Amino acid sequence: MRAGFPDFRLGNVLATSFTGTLSERQGSAVERIPVPQRLIDWLAVYGLAVDSCSLAELDLARELREAIHAAATAAAVRDPLPASAVRVINDRSAQGRAAAVLTPEGERRWQLGPDSRVEDALSVIAADAISVIAGERDGKLALCASPTCQAAFFDTSQSRTRRWCDMNTCGNRQKKARFHANQRKDAGSAE
């Protein structure tokens, strides 16, 4: 990753990983795509390479990210989907040019054309969000148990009881906090 920027928090589900480009939403928010080049970098990690990105396209990407987050959060808690979020997701899905292709391993991948634009990549992310939010995949939407994060994530664990969006960040932070609180409590009762 480029120096001076926070690392990407990568996951297995494109749409919810995209919402993770803004983390710690309930605390000190961390913007992981602060400039157009970072969006280009993130898209490349997910096989959606584009050559350029303008500030206006970065704004479109952030608008889609927030729409997915709002809709996924509503779906996770079984609230009605916000109409404005649904509209943004549907608009972005319809505006791109991408093709679903089958890999030799029998998996579906999205392929952008040689002259692809950010809008084409965003359409793939929006289509993925539609698939996840509509319940077309094996798993369930959940919210991170971290009080400073509360990110929407897609739980594909066998029991569907995962608590954190990422065990290496939110999960470890919560376990460390609980451990230190227990140590302080034990030290206080030993006096």
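Note on the chain: GNM, Cα springs under 10 Å; of PRO104, PRO80, PRO34, the largest mean-square fluctuation is that of PRO104. Per-residue accessible area (protein heavy atoms, 1.4 Å probe) orders CYS165, CYS170 as CYS165, CYS170, starting from the largest. The fraction of accessible area contributed by carbon and sulfur in the chain is 51 percent, rounded to a whole number (1.4 Å probe; ligands and nucleic acids excluded). The alpha carbons of region 1-133 stretch over 38, 35, 30 Å along the principal axes, in descending order. Within the chain, CYS53, CYS170 have no other Cys Cβ under 4.7 Å of their Cβ and so lack a disulfide-compatible partner by this rule.
Close amide H partners of ARG97, meaning residues 5 or more places away or on another chain with modelled amide H under 5 Å apart, are ASP120. Relative to the longest principal axis of the Cα atoms of the chain, helix 83-94 runs at roughly 40 degrees. A full extension of the chain between GLN95 and ASN172 corresponds to an added length of 23.8 nm, given 0.36 nm per residue minus the alpha carbon distance.
The values are calculated or read from the model by the stated rules, or taken from the named source; none is laboratory data. All figures in this text were calculated on a predicted structure; none of them were measured in a lab. Cβ sites come from the backbone with ideal geometry, for glycine too, and all protein chains shown count toward neighbours. Just so you know, the surface numbers come from the protein's heavy atoms only, side chains and all, with ligands and any DNA or RNA stripped out. Shrake-Rupley method; radii C 1.70, N 1.55, O 1.52, S 1.80 Å.
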